[in-house]
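Visitor: Pasting a structure below so you can have a look.
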Amino acid sequence: MKWANYYLLILENDKQCFENAIYLIERYNIPVENINTTQPINGFPHLNYDFLKGIGLSDKLMIIGHGRQSPPAIGGVKMQYSPSQLALFLKDQYKVNEVGLISFKACDLGNGSFLYDFFEAFTSGGGKIGGCIGYKGEVMNTTRGEAVGLWDYVKRELFLGKNPDQQRVTIVQGNAEVPSEYGNKRRFKRTQTV
């Protein structure tokens with residue numbers, strides 16, 4: 001599951017989001033120019049609206065925040081974005097018109113309507129996306145990545161792998177074809193079409 005470029009947008013400045021950001025930066029070797037925050041965090045670029053300038057269908061955008069199922073939202077203490085507000089924010093402020101995959105690194109966004117509502121809002125008016133993915137439950141940071149729920153956490157910490165995607169995430173197929181050398185075609189065969 002290689003992508004041409006990885007981008008990271010951090011919506012909250014608490015310890016859990018910070019630790020998750022550090023893990024993702026190290027795992028994907030994300031350069032500082034591909035990182036941005038909406039809240040001030042020491043050592044991270046803040047409100048650089050040009051950081052997604054060249055993003056396209058061969059790239060992956062990861063968005064870190066705290067998710068909420070009802071009403072569906074992502075963000076933090078200071079700002080919560082509904083699916084349509086986040087789509088508008090990405091399109092208007094960051095000028096994102098197309099992206100290969102948006103991976104939401106937040107609790108519960110794979111449950112309920114968040115991913116579907118976001119997809120509809122992002123693609124209205126011509127936005128193109130290969131797909132979006134969100135966790136189906138509470139996410140915990142481990143030494144081996146993010147775990148969804150207690151059993152997934154125990155499996156990861158004991159080096160037993162992880163629970164299958166069907167138990168961990170919801171994947172929504174997008175409206176655009178990702179270039180064949182990018183993405184994870186096998187994983188996206190189990191997507192749900194909007």
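The values are calculated or read from the model by the stated rules, or taken from the named source; none is laboratory data. These figures come from a predicted structure and were not determined experimentally. Neighbour counts are summed over all protein chains in view; Cβ atoms, including those assigned to glycine, are modelled from backbone coordinates with ideal geometry. These area figures cover heavy atoms from the full protein model, side chains too; ligands, DNA and RNA do not enter into them. Shrake-Rupley method; radii C 1.70, N 1.55, O 1.52, S 1.80 Å.
Visitor: So Ser82 clears everything in (1) within 14 Å of the chain's Cα centre (by Cα); (2) within 22 Å of Thr170 (Cα to Cα) except one condition, right? Which one?
Guide: Only one criterion in (1) within 14 Å of the chain's Cα centre (by Cα); (2) within 22 Å of Thr170 (Cα to Cα) is unmet by Ser82, namely (1).
Visitor: Additional query: Is at least one residue of the range 142-150 part of a helix (DSSP H, G or I) and either among the β-branched types (Val, Ile, Thr) or surrounded by fewer than 21 Cβ atoms within 10 Å (Cβ to Cβ) (or both)? Break it down into steps so the answer makes sense when it comes.
Guide: So the first thing to find is which residues in the range 142-150 are part of a helix (DSSP H, G or I), and the list is 150.
From the residues that got through so far, the ones that are either among the β-branched types (Val, Ile, Thr) or surrounded by fewer than 21 Cβ atoms within 10 Å (Cβ to Cβ) (or both) too are 150.
Within the range 142-150, one or more residues are part of a helix (DSSP H, G or I) and either among the β-branched types (Val, Ile, Thr) or surrounded by fewer than 21 Cβ atoms within 10 Å (Cβ to Cβ) (or both).
Visitor: Continuing with this model, one more query. Return the pairs, sorted by first residue and then second, in which the second residue is among the acidic types (Asp, Glu) and open to solvent by less than 20 Å² (accessible area, probe 1.4 Å), the first residue lies in the range 98-114 and is within 20 Å of Met140 (Cβ to Cβ), the beta carbons are less than 7 Å apart, and the residues are 6+ apart or on different chains.
Guide: Within 7 Å, the pairs are Lys105/Glu146.
Visitor: If you don't mind, another one. Taking Cys107 as the residue in question, decide whether it is part of a loop (DSSP other than H, G, I, E, B) and crowded, with 20+ Cβ neighbours inside 10 Å. Please lay out each step first, then the result.
Guide: Numbers: part of a loop (DSSP other than H, G, I, E, B): yes; crowded, with 20+ Cβ neighbours inside 10 Å: yes.
Spelling it out, Cys107 is indeed part of a loop (DSSP other than H, G, I, E, B) and crowded, with 20+ Cβ neighbours inside 10 Å.
Visitor: Here is a follow-up. Looking only at the range 1-47, which residues are closer than 17 Å to Met79 by Cβ and either in a loop (DSSP other than H, G, I, E, B) or in contact with a helix residue (DSSP H, G or I) (Cβ under 6 Å, 6 or more places away or on another chain) (or both)?
Guide: Ile10, Leu11, Glu12, Asn13, Asp14, Thr38, Gln39, Pro40, Ile41, Phe44, Leu47
Residue-wise test of (1) within 15 Å of the chain's Cα centre (by Cα); (2) over 27 Å from Ala176 (Cβ atoms); (3) β-branched (Val, Ile, Thr).
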{"residue": "Leu86", "(1), (2), (3)": "yes, no, no"}
{"residue": "Asn97", "(1), (2), (3)": "no, no, no"}
{"residue": "Gly100", "(1), (2), (3)": "yes, no, no"}
{"residue": "Phe122", "(1), (2), (3)": "yes, no, no"}
{"residue": "Gly131", "(1), (2), (3)": "yes, no, no"}
{"residue": "Tyr135", "(1), (2), (3)": "yes, no, no"}
{"residue": "Glu157", "(1), (2), (3)": "no, yes, no"}
